[in-house]
């Protein structure tokens, strides 16, 4: 779309008028054209927004020279923390299993002689009853003479 001649002249002179390098009569003509042309008013609003954005960008804080190395260190540390967080449950399970296994092996291989409480080893004796009282007794005379049982 080709712009009318007045609009082209307005747009080419508008940047110069913002810098205050145009005469009073040219600025007056531009203001008159701006009042009557909707397209140039939209262009003018866009131009003012662009200038304001450039001003704000110019006053933005300057990044320090060690920003990039510090950022890299922080990102690497964060990556390692995330990887460790993914492995943490497996590591806890493996350590718990190792502790449990070593405890069981130690209990199974433990000899009473190594951990006896008293020197005569009476704490580890298993009570089996009195040796003088037999569990099954046979009368003594039955060994001497066999008896015959009639059926």
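Condition check for residue 53 on (1) loosely packed, with under 10 Cβ neighbours inside 10 Å; (2) under 30 Å from residue 4 (Cα atoms); (3) under 49 Å from the mean Cα position of the chain (by Cα): one failure, at (1). Scanning for something exposed (fewer than 14 other Cβ atoms within 10 Å of the Cβ) and either touching a residue at least 60 places away in the same chain (Cβ under 8 Å) or under 52 Å from the mean Cα position of the chain (by Cα) (or both), does the stretch 32-42 turn up at least one residue? Within the stretch 32-42, one or more residues are exposed (fewer than 14 other Cβ atoms within 10 Å of the Cβ) and either touching a residue at least 60 places away in the same chain (Cβ under 8 Å) or under 52 Å from the mean Cα position of the chain (by Cα) (or both).
Only the coordinates and a few stated rules stand behind these numbers; no lab work does. The structure displayed is predicted, hence computed values, not measured ones. As a convention, Cβ positions derive from the backbone with ideal geometry for all residues, glycine included, and neighbour counts pool all protein chains shown.
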